[in-house]
Amino acid sequence: MQRSIIGYCQDDAGDWKAELDCGHFQHIRHQPPFILRPWSTTPEGRESKLGQTLHCVLCDEGAFPPSFETYKQTPIFDQNTIPKGLLRAHSTKKGVWAKIVLLEGSLLYTIEGAPPQSTTLTPTAHGVVVPEVEHHVASEGPVRFYVAFYKKPSSPEQSPHKE
Ligand SMILES: [Zn+2]
């Protein structure tokens, strides 16, 4: 999945990583002759690549960004009160992840695509919703569930500067 570069940071070894709009980070090392990214070595070069896209394997794998925090949650729905919008293909916005959490029963969760991928969610198997990826749910009988939305923490803790 292609994701836009929204910023940069360095790992403990000083290697540069790009921050993507999905919440994942990806190394952008310049290692000639194997990987040629001379742009990653200068502030101007990195600046020039803001907004460009990289292929995010972690999104393909549905890996939930560990630093993301929940900021909104739906009411609890059951098989009779599932909003129609959830039964049709829909997606979250850029940078918004969600978890479909079951309290009871089961729910069929389908990620659109060719072919669509369906899994049955249960109280021990929640669904991960990847930003901007179309999906829908279908009732399979009695169920109680809610959806929790996650985004990047709005005021990330600043690591104190070393003097
Ligand atoms: Zn990603």
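What follows is calculated from the coordinates using simple rules that are stated; it is not laboratory data. Everything numeric here is computed off the predicted structure, so don't read it as measured data. Note that each Cβ is placed from the backbone with ideal geometry, even for glycine, and that neighbours are counted across all protein chains shown.
What the table below lists for this structure:
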item	result
Strands (runs of 3 or more DSSP E) contained in region 7-82 and holding at least 1 residues surrounded by 13 or more Cβ atoms within 10 Å (Cβ to Cβ) and either without any contact (Cβ under 8 Å) to a residue 24 or more places away in the chain or in contact with a His (Cβ under 7 Å, 6 or more places away or on another chain) (or both)	16-20, 25-27
GLY85 vs. criteria among the small types (Gly, Ala, Ser) and more than 23 Å from ALA138 (Cα to Cα)	no
Odd one out for GLN2 among (1) surrounded by 16 or more Cβ atoms within 10 Å (Cβ to Cβ); (2) within 16 Å of the ligand (Cβ to nearest atom); (3) polar (S, T, N, Q)	(1)
Members of region 5-42 found to be away from the ligand (no atom under 16 Å from the Cβ) and among the small types (Gly, Ala, Ser), listed by number	ALA13, GLY14, SER40
Count - residues of region 43-71 that are away from the ligand (no atom under 16 Å from the Cβ) and either within 21 Å of VAL129 (Cβ to Cβ) or of a type in the set (Asp, Glu) (or both)	5
